[in-house]
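Engineer: One structure follows; several queries about it will come next.
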Amino acid sequence: MSTEVVATSAISDAQPQSPSAPTQKSVEKVNLLGLSRPQMEKFFEEIGEKKFRAGQVMKWIHQFFVTDFAEMTNISGKLREKLEKICVIEAPEVVHKNYSKDGTRKWVFRVGDGEGSLVETVLIPADDKTGARKTLCISSQVGCALDCSFCSTGKQGFQRDLNQAEIIGQLWMANYSYMEDIPVLERERSVTNVVMMGMGEPLLNYDAVLNSMRIMLDDFAYGMSKRRVTLSTSGVVPKIDQMVKDIDVALAISLHAPNDELRNELVPINKKYPLEQLIAACQRYIAKDGNESSRKHVTIEYVMLDGVNDSLTHAQEMIKLLKNLPSKINLIPFNPFPHAPYGRSSRNKIISFQKALSDAGFVCTIRQTRGDDIDAACGQLVGQVADRTRRAEQWKKKVAAQNEIIRSQG
């Protein structure tokens, strides 16, 4: 990729410079795909252009899915030539895609250099009262550092954070997949909902995720309702409090256990931010007033593990834990993966668990498993990602050793 001398301060967060860059701030072409509107406006001012050009270019990129500056017909030829020299519009490389028989779509993207620098993105279609819903599950990191015991993604370890272009590029590509053969001016955005619920812990990549969500909400980009953008976290309490100041989107908590002892085992970050702190942070998050706020409740995600967290005693503990937190509960049937030490709770157990919560006054649903024929279901977002940390290898050896002890004792 060619190198140009361009203004850099507007994009310092989204496009980090190479450590070996010369003092005159010579950088690679700027990827406009990842810039929020304030960052784009500042960039245009720094190259001697009016900042309103930012909105024009954002519409071409995110609403008409144009990557060729020559197609931006309401921009002067001189400016288009200028942008062609110093900028690109570039989504992550698709190295694999698969469409399920149930309509689910899955992509594997290469991000950065290296065969193991891959992330996965899943789009799940569903019909609801507003029409056809298309929910995109977006990744924020290559791998994950939190190592939740039931999650296949965590078994590969953590490699790096995604930048803004790599995060928003997943949404760009999912939309584009429905319209690549449609004339530019007839294109319409297809994805209706986004959940930051893919690979990685979003709040540990805070700035890039925050700016990406701002692009999702921006009327010059995707114009999504803040109630249709959800951030899911395992419980990084200080960053939940930071979100109160920075953005208004829906919040989901990966709970998975109703007491600290069990949650310490399933979700190790609980040792740092135990349930009392986490629930208090959730209460602070939804304290904002206003009818238009998306913070009216917190979504509680709870994966159902056979004989581990699925008893009626656990249900009663959960009722007590959440009694003062406006919440909707989503029960998730566990999706087994190779060498997983858990099994999926029976349908009867899940229904009994749901009934206990519903009888206590909670809105409680059971998630329908989708896309498992293409390894796209919740907890299976590991696919072709390489294990650079050797965590998966060590974990598999541990499971094999435990199984050998069980056999010898039997």
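The values are calculated or read from the model by the stated rules, or taken from the named source; none is laboratory data. A quick note: this is a predicted structure, and the numbers were derived from the prediction, not measured. Don't worry about glycine lacking a Cβ; one is built from the backbone with ideal geometry, like all the others, and counts go over all protein chains shown.
Engineer: Conditions: (1) touching a helix residue (DSSP H, G or I) at 6+ places or on another chain (Cβ under 8 Å); (2) surrounded by 16 or more Cβ atoms within 10 Å (Cβ to Cβ); (3) not assigned by TED's automatic domain parsing to the domain that holds MET213; (4) not polar (S, T, N, Q). ALA70 meets all but one. Number of the miss?
Structural biologist: Condition (2) is where ALA70 drops out.
Engineer: If I ask for residues that are of a type in the set (Ser, Thr, Tyr), assigned to a strand (DSSP E or B) and in contact with a helix residue (DSSP H, G or I) (Cβ under 9 Å, 6 or more places away or on another chain), which ones from segment 219-272 would you list?
Structural biologist: SER232, THR233, listed by residue number.
Engineer: Spot the failing condition for MET304; the list is (1) in contact with a helix residue (DSSP H, G or I) (Cβ under 8 Å, 6 or more places away or on another chain); (2) surrounded by fewer than 18 Cβ atoms within 10 Å (Cβ to Cβ), and only one is missed.
Structural biologist: MET304 satisfies all of (1) in contact with a helix residue (DSSP H, G or I) (Cβ under 8 Å, 6 or more places away or on another chain); (2) surrounded by fewer than 18 Cβ atoms within 10 Å (Cβ to Cβ) except (2).
Engineer: Turning to a different aspect of this structure: Exactly one condition in (1) at pLDDT below 90; (2) assigned to a loop (DSSP other than H, G, I, E, B); (3) farther than 22 Å from PRO338 by Cβ; (4) within 19 Å of the chain's Cα centre (by Cα) is false for ASP113; which is it?
Structural biologist: Single failed check for ASP113: (4).
Engineer: Still on this structure, I have one more. Looking at segment 246-297 only, could you name the residues that are of a type in the set (Lys, Arg) and modelled with pLDDT of 95 or more?
Structural biologist: Listed by number, the residues that qualify are ARG263, LYS271, LYS272, ARG284.
Engineer: Only residues in segment 42-53 that are aliphatic (A, V, I, L, M) count as the first member; pair them with residues that are surrounded by 15 or more Cβ atoms within 10 Å (Cβ to Cβ), Cβ under 8 angstrom, at least 6 apart or cross-chain, and list the lot.
Structural biologist: From residues that are aliphatic (A, V, I, L, M), the pairs are ILE47/VAL6; ILE47/ALA7; ILE47/LYS82; ILE47/ILE86.
Engineer: Can you say whether LEU204 is surrounded by fewer than 22 Cβ atoms within 10 Å (Cβ to Cβ) and either outside the structural domain of PRO238 (by TED's automatic domain parsing) or more than 27 Å from MET72 (Cβ to Cβ) (or both), as far as the supplied structure shows?
Structural biologist: Yes; evaluated as a whole, the condition is true for this residue.
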